[in-house]
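A.B. asks: So that we are looking at the same thing, I have put the structure below in structure tokens.
The values are calculated or read from the model by the stated rules, or taken from the named source; none is laboratory data. Please read all numbers here as calculations on a predicted model, not as lab measurements. All Cβ positions, glycine included, derive from the backbone under ideal geometry; neighbour counts span all protein chains shown. Heads up: the accessible areas ignore ligands, DNA and RNA and are worked out on the full protein's heavy atoms, side chains in. Shrake-Rupley method; radii C 1.70, N 1.55, O 1.52, S 1.80 Å.
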Amino acid sequence: MGGAWWLFYKEVIRFFKVAFQTVLAPVITALLYLLVFSHVLEGRVRVFEDVPYTAFLIPGLMMMTIIQNAFANSSSSLIQSKVTGNIVFILIAPLSHLELFTAYVAAAMVRGVVVGGGVFLLAVWYVNVPIYSLAVILGFAVLGSAVLATLGVIAGIWAEKFDQLAAFQNFIIMPLSFLSGVFYSIQSLPPLWQTVSHLNPFFYLIDGFRYGFFGASDVPVVLSFAVTLLALLMLALLALWMLGHGYKLRQ
Amino acid sequence: MYSGPAVAIREVHKRYGDIHALKGVDFTIDQGEFFGLLGPNGAGKSTLINALAGLVRLDAGQMTVLGHDVVTGYRDSRRLLGVVPQELVYDPFFRVRETLRFQAGYFGLGREVETWIDELLDALNLADRATANMRALSGGMKRRVLIGQALVHKPPVVVLDEPTAGVDVELRQQLWGFIRRLHAEGHTIVLTTHYLEDAEELCDRIAIVDHGELVALDTKRDLLARGISRTLHVYSEQKAPKVPDKLRDKVKRIHDYCVELRLERDRDSIVEVLDALRDAGTRVCDLRVEDDDLEDVFVQLTGRSRQ
Ligand SMILES: Nc1ncnc2c1ncn2[C@@H]1O[C@H](COP(=O)(O)OP(=O)(O)O)[C@@H](O)[C@H]1O
Ligand SMILES: [Mg+2]
């Protein structure tokens with residue numbers, strides 16, 4: 001097995017060791033949102049035709065959970081290694097920047113997808129969710145977790161202290177994921193807010209993902225796919241540049 | 001088999017902002033050497049070692065490990081190099097054995113490395129702590145795990161940055177025993193240490209760096225012979241022996257019945273010094289001459305004590 005595989009494996013073991021906090025807790029949180037919002041808003045919010053609000057909510061909550069956990073995994077692992085200093089043992093290994101990137105991103109994607117899958121498995125007990133296209137669902141789950149895992153690598157390298165990372169999470173990741181149409185269809189928003197929502201890259205992740213379940217979406221699924229793929233490419237180039245130049249990692 | 005130097009350092013420069021941490025350092029370390037890298041705090045020792053390991057990026061110059069450039073040939077140079085960092089770093093998520101296994105994995109090693117990990121755990125006296133979490137280890141144990149991590153891919157060149165800092169005397173002796181064994185088995189050892197006695201005891205050749213420059217590089221014997229002075233211990237019959245004014249500036253210290261004088265090798269005559277003491281009323285009953293040790297040479301070369 002290659003060195004990158006071992007780094008990937010280490011990163012996966014790392015979050016499974018604290019699965020209570022990294023897997024179970026986010027699944028429970030998503031289910032609490034589901035219970036509360038579906039109870040309060042069922043029948044009050046207009047979403048897609050023929051789709052009950054509770055079913056509509058599930059893909060959004062899944063994607064929000066995927067996004068937040070993929071980001072949390074790569075960013076927290078990197079900042080922790082940097083702050084404790086044990087990152088030197090990864091940096092002195094004969095791993096290329098592409099291998100480092102792949103290992104951190106792939107492990108974070110595993111966490112995102114596992115947690116997202118957990119939300120789905122428990123939610124389908126509660127309400128019936130259709131599956132329109134499994135390929136689209138999986139495609140967006142992979143894309144979404146990859147985009148946020150990459151963003152996590154960037155933030156983890158950039159941040160020097162835990163509170164800088166927390167700021168990144170609280171002021172960028174959280175608002176963008178909450179305002180991306182998890183709880184509503186943006187067609188129910190006033191025109192100005194619809195336009196603003198189109199500038200939020202997370203909106204395309206959730207909209208495309210939702211299409212995989214209902215076969216309906218706010219914007220064409222191809223557009224969502226193109227926007228997120230483009231975001232992934234740009235972020236990956238930035239992360240690879242940082243790793244290749246040892247930005248904030250090698251003095 | 002490559003027969004060139006284990007480590008070649010060519011005109012390397014490193015700046016951290018305004019600090020010029022390495023100013024054209026240039027030397028080589030032969031295969032199989034036990035090499036000491038000494039210098040006061042902030043001299044640039046860690047910077048040099050970290051550049052070798054790829055943790056620091058040089059502004060100019062070149063470094064190779066067994067002929068492989070540490071930048072362009074980093075995969076090979078890193079496989080051939082084991083580095084024990086100065087800081088006591090560990091990953092609190094993992095146990096001792098896991099830590100070593102993952103580290104071996106990063107070097108692409110498969111199941112065949114497991115027996116070597118067992119041997120390492122034994123040699124480092126960690127076998128009974130193999131399943132302990134890293135957090136639960138004492139400082140000395142963590143230090144030994146660091147050494148294990150550096151050796152897990154069996155590198156022929158091993159660099160230890162202050163491996164005995166904060167380690168008690170007994171463990172220090174144990175570690176040196178282990179490192180001597182590695183050297184006897186053919187590893188090239190490069191060591192920085194705060195304890196000059198250790199360097200004096202262990203190293204064949206010693207480099208002294210100061211302010212980012214190489215100020216001396218010699219075999220231990222020749223370096224010690226450079227000592228330009230020696231110390232004369234004069235024991236007198238009275239407490240607090242009297243010293244004439246003309247010897248004042250040679251006095252290192254006076255304690256109880258003894259006065260220690262620093263004499264320049266070629267200029268000062270022991271006989272004249274003893275005459276002067278007798279004239280001042282000191283009755284000499286015994287004396288001892290001591291050559292400079294590495295500590296004295298170090299102080300003369302760098303102009304400061306290592307503390
Ligand atoms: N990351 C860094 N940023 C700025 N200055 C540094 C950094 N690392 C080391 N230095 C400076 O470079 C010089 C050499 O440091 P170092 O190589 O750690 O010395 P030594 O290991 O010999 O004690 C010192 O002046 C130190 O303050
Ligand atoms: Mg140092």
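A.B. asks: Mind jotting down the distance between the C-alpha centroids of segment B:8-66 and segment B:193-252, whole Å?
C.D. replies: Centre-to-centre (Cα) distance: 26 Å.
A.B. asks: Next question. More than 17 angstrom separation, counting every C-alpha pair in segment A:118-188; what % is that? Present the calculation step by step, with values, prior to reporting the outcome.
C.D. replies: Details: 1586 of 2485 pairs.
Everything past 17 Å amounts to 64 percent.
A.B. asks: Something else: Calculate one ³J(HN,Hα) per residue across segment B:66-71 by plugging θ = phi - 60° into the Karplus curve 6.51 cos²θ - 1.76 cosθ + 1.60, and present them in order as whole Hz with x for glycine and proline.
C.D. replies: 6, x, 9, 4, 6, 9
A.B. asks: Continuing with this model, one more query. As an exercise, take the mean of 1/r over every pair of distinct alpha carbons in the protein assembly as shown, invert it, and state the Kirkwood radius in angstroms.
C.D. replies: On the way: mean 1/r = 0.0362 Å⁻¹.
In the protein assembly as shown this quantity evaluates to 27.6 Å.
A.B. asks: Structure shown: which of A:Lys82/B:Lys14; A:Lys248/B:Lys142; A:Lys17/B:Lys142; A:Lys82/B:Lys142 lie over 24 Å apart, alpha-carbon to alpha-carbon?
C.D. replies: On the way: A:Lys82/B:Lys14 22 Å; A:Lys248/B:Lys142 26 Å; A:Lys17/B:Lys142 21 Å; A:Lys82/B:Lys142 18 Å.
Going by Cα-Cα distance, A:Lys248/B:Lys142 fall outside the 24 Å limit.
A.B. asks: Could you work out how far apart the two model spin labels at A:Trp5 and A:Val142 are, taking each label as a point 7 Å from the Cα in the direction of the beta carbon, and quote it in nm?
C.D. replies: The two pseudo-label positions are separated by 1.9 nm.
A.B. asks: Given the C-alpha centroids of segment A:202-251 and segment A:88-124, what is the distance between them in whole angstrom?
C.D. replies: Centre-to-centre distance over Cα atoms comes out at 16 Å.
A.B. asks: If you don't mind, another one. When only DSSP loop residues count, what trypsin sites (Lys or Arg not before Pro) in segment B:181-288 have their Cβ near at most 15 other Cβ atoms within 10 Å? Before the final figure, lay out the partial values.
C.D. replies: On the way: sites: B:Arg181, B:Arg205, B:Lys220, B:Arg221, B:Arg226, B:Arg230, B:Lys239, B:Lys242, B:Lys246, B:Arg248, B:Lys250, B:Lys252, B:Arg253, B:Arg262, B:Arg265, B:Arg267, B:Arg278, B:Arg283, B:Arg288; in loops: B:Arg226, B:Lys239, B:Lys242, B:Arg265, B:Arg267, B:Arg283.
Filter output for segment B:181-288: B:Arg226, B:Lys239, B:Lys242, B:Arg265, B:Arg267, B:Arg283.
A.B. asks: Expressed as a whole percentage, what fraction of the accessible surface of segment B:229-291 belongs to carbon and sulfur atoms when a 1.4 Å probe is rolled over the protein heavy atoms?
C.D. replies: C and S atoms contribute 44 percent here.
A.B. asks: What's the average, rounded to a whole number, of partner chain beta-carbon atoms within 10 Å of each residue's beta-carbon in B:86-97? Can you show the working numbers first?
C.D. replies: Working: counts 1, 4, 1, 7, 4, 11, 3, 9, 5, 0, 0, 0.
So the per-residue partner count for this stretch is 4.
A.B. asks: How many partner chain Cβ atoms sit within 10 Å of a residue's Cβ in peptide A:6-19, on average, as a whole number?
C.D. replies: Numbers: counts 10, 3, 1, 3, 10, 1, 0, 4, 4, 1, 0, 3, 1, 0.
Other-chain Cβ atoms within 10 Å of each residue's Cβ, averaged: 3.
A.B. asks: A further question follows. Across peptide B:104-114, what mean number of C-beta atoms from other chains lies inside 10 Å of a residue's C-beta? Before the final figure, lay out each step's value.
C.D. replies: Numbers: counts 3, 11, 15, 7, 9, 3, 3, 1, 0, 0, 0.
For this peptide, the per-residue mean of nearby foreign Cβ atoms is 5.
A.B. asks: With +1 assigned to the C-beta of every Lys and Arg and -1 to the C-beta of every Asp and Glu, and no other charges, what is the dipole magnitude of chain B about the Cα centre in debye, to the nearest 20?
C.D. replies: Details: 42 positive and 49 negative charges, 151 e Å.
Around 720 debye, computed over chain B.
A.B. asks: Additional query: Go ahead and estimate [θ] at 222 nm for chain B from helices alone: -39,500 (n - 2.57) per DSSP H run with n ≥ 4, summed, over the residue count, rounded to 500.
C.D. replies: Working: 10 runs with 97 residues, N = 307.
Helices in chain B give a 222 nm mean residue ellipticity of -9000 deg cm²/dmol.
A.B. asks: Which value in nm describes the separation of the simple spin-label points at A:Leu189 and B:Leu88, placed 7 Å from the Cα toward the beta carbon?
C.D. replies: The modelled label-to-label distance comes out at 5.2 nm.
A.B. asks: Could you tell me what % of all Cα pairs in segment A:2-245 have separations over 33 Å? Before the final figure, lay out each step's value.
C.D. replies: Working: 5282 of 29646 pairs.
Of the Cα pairs, 18 percent sit more than 33 Å apart.
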